[in-house]
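> Got a structure for you, written out below as structure tokens; questions coming shortly.
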Amino acid sequence: MIKTVKKVIVLAAMIVLGAAFVFAQAESPESNSSKATFGEIVTDVDNFFDSADWKELQLNNFFAFSRFGANIPEAKLDMGVAAKIKELYFGLYYNGKVVGQKEQSHMGKETLRYGTDSTEEISVKERRKANPEAVYGIMVGLSSGMGIKFTFEDNLQITDAIVGDYNENWQGYVTPSIEIGNLGPLQKLGLSLPIVYNRVSSATIAPAGNAVTYTTTTTSGGSAVANIDLFEADGNYVQPDIYLKLGLGAVTLDNNLRFNIYGVPSYKTDGKGEVQFGVGNVTTYYDPNTSDNCFKRAVYDKRFFIEDVIAPSYNFSGASESGKMSYSVTAGLPLTIRLVTHSANISVDGSSAVSVEVKDFYKQTDFHLGIAPSVTAGVKYQLLEPLSVQGGLGIDLFAWSMDAQSEKSSKITDVKEAAAITAAGIPVPGADSSSSGTTFDFMYPKLSFAAGFTFDFKQKASLDMLLIRYAVPTAAGTIYKAVGGGIGNDETSIVLTIKL
């Protein structure tokens, strides 16, 4: 089958500040034919879980697929099933680990005792969770043609260690999503809610055993980040992401609008929980014997993030008179606009400790504009009745981006404020200063290619093989080497489908 209108979203200069995931849509099943043609030629595997194209699956009763290949050594299962029950269509999808996890999920409570007479106690949740790297999905198709798809992506790992004290490290994300297809010219409308975790939390009993210290620190690349480097910390955030796809004949317009809400769990001086909005680290010291020593210190980046990706594309496709060869080509011109603002703040709340609040003493603004036109092309040729071959090219014509950054610091003269900044390990601004600059980046064309073949047994079962999929940094002179390296790479697999 040829998908006459194909979404092409190419993000130039991926989201800064550690958002190394693309949340436009939750992961969906993809056939090897689609992989081999860069999404231009699709099969039942691509259609059965597509909220707009599910009706392209000519289904009488039952459909199933499973992938065999590079996913097997990783103990990952990639499979889906679909069935019709009266007027309703149901599709189920799973892609994730099934065996071999070294650490099982566990949730419970741990009681820590402290205080002069050890009668004070706190209860902390004991959490361990292995990362299943899994996508769960269910879709319902209505007789009107509308498809409603729910997915949940779990890529979160929690590790901890309890030896008198308690520590936990949250790394990864979970993403619930909903998408509705076939709304007239509005082909798809979706909302995903990635919840991204990058933090380390702990509850530590003082050496004398009479007090407890709570800390929560956001991280970057798995390492705790403090001080002014908090501008570089990934942050702990929720990212509402609104997606829509408009189709007008051969022209398609995709749009993703997303923004981040940053925050970390923290504690008050009485040991009760709350949320500190922003990116940074929070330390709370609580002594039940004397309120004079209790304090809470928050060093945080009051960060704002918003991004919009607008991706128009044009597709043309067709077939030879004999019907043995079919082709599809899509040209896309995605535009990325992003604004991120930073503001360093310190808040100290305590009795004998100095109570002070310092706002916006370091500020930074980052603006990004990028375009990355691309062309994808796929062709399929029917060699024999049961055997077809397919191949494709993906060409990133170029990637141009502009990044403008401005920085500003405010002179600190107040002694208490300066002491609070110094205690946090941040340089005290000695004078008002500001700077700004703009950089431009240009990336030359990049070529990717792929190939595969399919055995189709009377439209009832098929074996879809991906043989080569390789990206060449430059198009000149490296194709021979790329082909040799591409055979047997991580993409190589066979997809088995059965349709009854």
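> Of all residues in segment 344-372, count the ones that are surrounded by fewer than 19 Cβ atoms within 10 Å (Cβ to Cβ) and outside any strand (DSSP E or B).
Total satisfying the criteria: 5.
> Tell me which residues, restricted to segment 277-299, are in a loop (DSSP other than H, G, I, E, B), surrounded by fewer than 22 Cβ atoms within 10 Å (Cβ to Cβ) and among the small types (Gly, Ala, Ser).
none
> As an exercise: evaluate Asp229 against (1) in contact (Cβ under 8 Å) with a residue 24 or more places away in the chain; (2) not in a loop (DSSP other than H, G, I, E, B) and give the number of the one condition it does not meet.
Exception for Asp229: condition (1).
> Next question. Which residue pairs have Cβ atoms closer than 8 Å, lie 6 or more positions apart in sequence or on different chains, and pair a first residue in segment 291-314 that is farther than 14 Å from Thr341 by Cβ and at pLDDT 95 or above with a second residue that is of a type in the set (S, T, N, Q) and surrounded by fewer than 19 Cβ atoms within 10 Å (Cβ to Cβ)?
Asp308/Asn255; Val309/Asn255; Ile310/Asn255; Ala311/Asn255
> Same structure again: Report whether or not Thr341 is in a strand (DSSP E or B) and buried (at least 22 other Cβ atoms within 10 Å of the Cβ).
In short, no.
> Another question, if that's okay. Condition first: modelled with pLDDT under 80 and in a helix (DSSP H, G or I). Can you find one or more residues in segment 485-492 that meet it? Quick ask: steps written out before the conclusion?
At the first step, the residues of segment 485-492 found to be modelled with pLDDT under 80 are 485-492.
Still in the list and also in a helix (DSSP H, G or I): 485-486.
Looking through segment 485-492, at least one residue is modelled with pLDDT under 80 and in a helix (DSSP H, G or I).
> Where residues in segment 373-410 are in a loop (DSSP other than H, G, I, E, B) and touching an Asp or Glu at 6+ places or on another chain (Cβ under 9 Å), which of them is farthest from Ile468 (Cα to Cα)? Even if it seems obvious, please write down each step before you answer.
Start the filter on segment 373-410 by keeping residues that are in a loop (DSSP other than H, G, I, E, B), which leaves 373, 383-386, 397-398, 410.
If we keep only those that are touching an Asp or Glu at 6+ places or on another chain (Cβ under 9 Å) as well, we get 373, 385-386, 410.
Values: Pro373: 24, Glu385: 23, Pro386: 21, Ser410: 56 Å.
Here the answer is Ser410.
> In segment 411-444, what residues are outside any helix (DSSP H, G or I) and either among the aliphatic types (A, V, I, L, M) or surrounded by 17 or more Cβ atoms within 10 Å (Cβ to Cβ) (or both)?
Our first condition is that a residue be outside any helix (DSSP H, G or I); within segment 411-444, this holds for 411-414, 424-444.
Across segment 411-444, the qualifying residues are Ile412, Ala424, Ile426, Val428, Pro429, Ala431, Met443.
> Starting from segment 132-161, take each residue that is under 17 Å from Leu59 (Cα atoms) and list its partners that are among the acidic types (Asp, Glu) and in a loop (DSSP other than H, G, I, E, B), counting only C-beta distances under 8 angstrom and pairs at least six apart or across chains.
Here the result reads Leu142/Glu87; Ser143/Glu87; Gly147/Asp50, each pair linking segment 132-161 to a residue that is among the acidic types (Asp, Glu) and in a loop (DSSP other than H, G, I, E, B).
> Select, from Glu321, Glu274, the only residue that is among the acidic types (Asp, Glu) and outside any strand (DSSP E or B).
Going through Glu321, Glu274 in turn, just one is among the acidic types (Asp, Glu) and outside any strand (DSSP E or B): Glu321.
> Which of the residues belonging to segment 328-344 are small (Gly, Ala, Ser) and closer than 15 Å to Gln405 by Cβ?
Ser343
> Filter segment 171-188 for residues that are free of Cβ contacts under 8 Å to residues at least 40 places away in the same chain and part of a strand (DSSP E or B) and give the result.
Val174, Pro176, Ile178, Leu183
> While we're here: Exactly one condition in (1) surrounded by fewer than 19 Cβ atoms within 10 Å (Cβ to Cβ); (2) closer than 30 Å to Ser33 by Cα; (3) in contact (Cβ under 8 Å) with a residue 24 or more places away in the chain is false for Gly378; which is it?
That leaves (1) as the condition not met.
The values are calculated or read from the model by the stated rules, or taken from the named source; none is laboratory data. Owing to the predicted nature of the structure, the values given are computational and were not obtained by experimental measurement. Note: ideal-geometry Cβ built from the backbone for every residue, glycine included; neighbour counts use all protein chains shown.
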